[in-house]
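Peer 1: Structure provided below as structure tokens; questions to follow.
Quick note: the coordinates plus some simple rules give every number you see, no bench work behind them. In this text, all values refer to a predicted model and were calculated from it rather than measured experimentally. Glycine gets a Cβ as well: all are built from the backbone with ideal geometry, and neighbour counts include every protein chain shown.
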Amino acid sequence: MESLRRLYIFTGKGGVGKTTLSKAFVRYLLEHDHEAIYLTFQGQSLSDVQTGTTEKTVNGIREISLDLEECARTYIEKRLNSKMIASWIVKTPFFRALINMVPGFSYLIYLGRILEMGKANPRLIVVLDAPASGHALTMVESTTNFKQIFESGAIFEDTGKMLALLNNPEYTKIHVVSLPSLMSWQEAVELRTGLHERTPVDVDITVNNCLFTLVENDLEKLPQGLRDKALNEKQLIQDNLSEMRCILPHSLSHDPLAIETELVGSLAKLI
Amino acid sequence: MTLSTKSFEIFCGTGGVGKTTLATARALSLSQSGNRVLLITIDPAKRLKDLLGLQGDAVGEVTPVELEGAKLDALLMSPEKTIGRMAKKYQTPDLANNRIVQILSKPYGGMNEILSMVEVQMQFETGLYDVVVLDTPPGAHFLDFLESLGKIKSFFDQNFVEIFSYLGQKTASAGKKVFGLNLINRVISSGVRKLLGYLQNVTGAEFIDDFIGAVQIIYQSRDAFLKGLSLQDKLKSRTECNWFLVTSVEQGKAQEAIELRSHASHFIHQDHFLVLNKCLELELQGWEPAEPHLASLKGSLEDKEQMLKKQLQEVFPVVLEFPEIISLSPSEHIQHLTEKWKSYVPQS
């Protein structure tokens, strides 16, 4: 049995079901009496339209959506002990140019906030629905980059602490979500390799939306194309079974909440 | 509205939908109809990299490709190589040597979008191509970037940079005489100095010095960056650019494609096409399963696809459908999609 981590990051290409899976996983944790939240963030630059950090409870799940400017302001406020100066700094063109020219900077600010939340509540488990694949690498890389960029000062120390937590296998775990097609699988493996090069934490691949597991016994009754699709999935699963942390079936439902609920029972392996 | 040939074609999409494969097929179909084509791609899947031969030394270099009897040039973006070309072309060697610029131009470092604009502009200027097809990174990132171009432009605003020069000289050699600063700048710069004083507590003094250094170096290369930025006018022009937003049935999210377009609403003109990949409609049409559970599978797949198409057709002027292609070799797969692209071009 794996030990419970404090931060679970779900990543992978768009449309693989990250959001549904992240929420289903929060649901799983809640059902097992853990305190868990679903977390996502809004933009990479200060010129993106953002709505302020929001927190709401949807169908029993606490969902937090982080706003970049608010996170930056709060951080500076804490560092300089002044709300007024912090509000002024985040509005200056210099600071905005800094963040807009250096988009990885935004991840540093978001990650700082997430780890801060974990510190404030030692029981809290954060499930992060992270942006599409290239960005997950940027996210992990940004902390390393900025450790190199800043040689001293509060950010340097904070980045160091952040790196220590983010790269601590007992604190963080990354799940790459893939579809059961060869191309999607290869991309997930590439992403995992990229992440492994940058961080020592566990990176597991979950294969979502499998048709094969639904039609295993009906293959000869399917039309040619669908049968080929299912057979390709079968082949892929056979060839890579040992590397797949979790295999989840295609859902016939159209409603995200219903799909979440269907998935909950199959997620024990994601701990 | 018909699909005509323009100087630029931009492919955006939510990732994992076959965007790069469709862009490659489009580039091939353009080449087969007699155009000189350059395909610029950011993050292709491995088998496409294999197919196009974009590996090892070829990364970041224009590489001739021959596929299905058509020729085109392909370029897999490497920010580092682009910086090198800029430094050479605009004779600003410092650009390639600055520590902060180097870190920012790592493959996932954050300068990728602006560098791809600069690269497209430099390649177009060679006059070697009739059409440049640009495959952008997944998600709304590229569109966000285009939207924020105006703000980046202000980065190169004369006053703003003069203040940096002033501060840079202050840090480099204290007391050195500074030219060209008017009173307003002096007032602003005293504010900036106060800001930097506060920021130094947070970021450390070295970073402020390095960042000011990087800003000055980037400013020295402003011609290259501004030329890249000027490309946005061409991309906004209906006569010069086609936009393709790609999504897939598998992904099943009309909302994301619609959001993508609203992200780009100031940017995208009327000639934009929604490309819907991996349609199962033809496949399912002739299938009459007797078993109830298979019938419900068929019904579910069909419903999902029909719902998606309906939602998309309400919002997008043109929806181009591409079928799901299963169990063909990569090159046959591309050939199939290339033929499909041709079917959308009016025959003259």
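Peer 1: Under 6 Å between Cβ atoms, which residue pairs at least 6 apart in sequence (or on different chains) link something in the range A:1-25 that is over 15 Å from A:Thr261 (Cβ atoms) with a partner that is charged (D, E, K, R)?
Peer 2: Matching pairs, first to second residue: A:Arg5/A:Lys173; A:Tyr8/A:Lys173; A:Phe10/A:Lys18; A:Phe10/A:Asp129; A:Gly12/A:Lys18; A:Lys18/A:Asp129.
Peer 1: Within the range B:299-323, which residues are without any contact (Cβ under 8 Å) to a residue 24 or more places away in the chain and crowded, with 18+ Cβ neighbours inside 10 Å?
Peer 2: B:Leu301
Peer 1: When you look at B:Asp303, is it more than 28 Å from the chain's Cα centre (by Cα) and of a type in the set (D, E, K, R), yes or no? Spell out how you get there, then give the answer.
Peer 2: On the way: more than 28 Å from the chain's Cα centre (by Cα): yes; of a type in the set (D, E, K, R): yes.
Yes, satisfied.
Peer 1: Here's a follow-up. Residues of the range B:30-52 being buried (at least 21 other Cβ atoms within 10 Å of the Cβ) and away from chain A (no Cβ under 14 Å), which ones?
Peer 2: Within the range B:30-52, B:Leu30, B:Ser31, B:Val37, B:Leu38, B:Leu39, B:Ile40, B:Leu52 qualify.
Peer 1: Follow-up. Of the residues that sit in the range B:65-119 and are part of a helix (DSSP H, G or I) and of a type in the set (Ser, Thr, Tyr), which one is farthest from the other protein chains (Cβ to nearest Cβ)? If you could, list the steps in order and put the result at the bottom.
Peer 2: Residues of the range B:65-119 that are part of a helix (DSSP H, G or I), as a first pass: B:79-89, B:94-97, B:99-104, B:112-119.
Adding the requirement that they be of a type in the set (Ser, Thr, Tyr) leaves B:82, B:116.
Values: B:Thr82: 16, B:Ser116: 13 Å.
Filtering first and then ranking leaves B:Thr82.
Peer 1: Shifting gears a bit: Would a scan of the range B:4-14 turn up a residue that is within 25 Å of B:Lys342 (Cβ to Cβ), of a type in the set (A, V, I, L, M) and in contact with a Cys (Cβ under 8 Å, 6 or more places away or on another chain)?
Peer 2: Looking for residues that are within 25 Å of B:Lys342 (Cβ to Cβ), of a type in the set (A, V, I, L, M) and in contact with a Cys (Cβ under 8 Å, 6 or more places away or on another chain), one finds at least one in the range B:4-14, hence yes.
Peer 1: Checking the structure you have, find out if any residue of the range A:177-194 is more than 12 Å from chain B (Cβ to nearest Cβ), surrounded by fewer than 16 Cβ atoms within 10 Å (Cβ to Cβ) and not β-branched (Val, Ile, Thr).
Peer 2: Among the residues of the range A:177-194, not one is more than 12 Å from chain B (Cβ to nearest Cβ), surrounded by fewer than 16 Cβ atoms within 10 Å (Cβ to Cβ) and not β-branched (Val, Ile, Thr), which makes the answer no.
Peer 1: Okay, moving on. Based on this model, can you work out whether B:Gly18 counts as out of contact with any Cys (no Cβ under 7 Å at 6 or more places or on another chain), within 14 Å of another protein chain (Cβ to nearest Cβ), of a type outside the set (A, V, I, L, M, F, W, C) and closer than 26 Å to B:Val345 by Cβ?
Peer 2: Working: out of contact with any Cys (no Cβ under 7 Å at 6 or more places or on another chain): yes; within 14 Å of another protein chain (Cβ to nearest Cβ): yes; of a type outside the set (A, V, I, L, M, F, W, C): yes; closer than 26 Å to B:Val345 by Cβ: yes.
Here the answer is yes, as B:Gly18 does meet what is asked.
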